[in-house]
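Each reported figure results from applying straightforward, stated rules to the coordinates on display, with no laboratory input. The model shown is predicted, which means the values in this text are computed figures rather than measured ones. Here the Cβ positions follow ideal geometry from the backbone for every residue, glycine too, while neighbour counts run over all protein chains shown.
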């Protein structure tokens, strides 16, 4: 069965620290990859996505992610986090263009001012 | 996201009762989805619909039912057969497969 694994469940950082959240998936075919974010009290919203092309994708608020096909990974990065980045982050994988998203367990990021 | 409404925000029901959660979108999207969110488990797909009058089971469809009679509406019924219905339910929509999904604000269902 397809699965998505996020290695870090709870991350605590100080402002200006660098962030990397791991995401690995198990599926051998063509995939579309997403990172969604859920800020406290807000809707789940798209942070960035990868469908094809340049494996390094940039999203909103200074986030980026790199697709490494050989490692089945799509890690999220930000060079310098802010207090406002405190949120829950979800990696999701869509096999082909089925519309069926498989989500990881989520990572709660807490940024201390 | 704007354009998707879910009501109510909080819902309480007694064990053994069926309950229907509403999801409406005005984004003119063909596809709609229902997810369940539990702490530490991320989101899991319950049902999805690629087009009006058609829907497919997701990974955890047991104990749930849906209908898609109108493009803008995709109600989810949590039946008494669902063993652990207390959860946060999220509705989403998209243009179709291979596109980003837009999420509603969610309904928190508590079964007493």
If one computes the Cα centroid of region A:52-101 and of region A:19-51, what distance in Å separates the two points?
5 Å
Say each of residue A:17 and residue A:83 gets a label point 7 Å from the Cα, pointing the same way as Cα to Cβ; how far apart are those two points in nm?
1.6 nm
Can you give the three extents of the C-alpha atoms in the protein assembly as shown along their principal axes, from longest to shortest, in whole Å?
49, 37, 32
Report the Cα-based extents of region A:1-76 along its three principal axes, largest first, to the nearest Å.
37, 25, 25
Dividing the surface of the Cα convex hull of region B:10-84 by four yields a projected area in nm² of 5.4 nm²
Return, ordered by residue number, the residues of region A:40-62 whose backbone nitrogen is under 15 Å from a label point located 7 Å along Cα→Cβ of residue A:27.
A:49-52
Whole-Å distance, taken between Cα centres, linking region B:3-41 and region B:49-112:
6 Å
Descending Cα extents along the principal axes, region A:49-98, whole Å
35, 21, 18
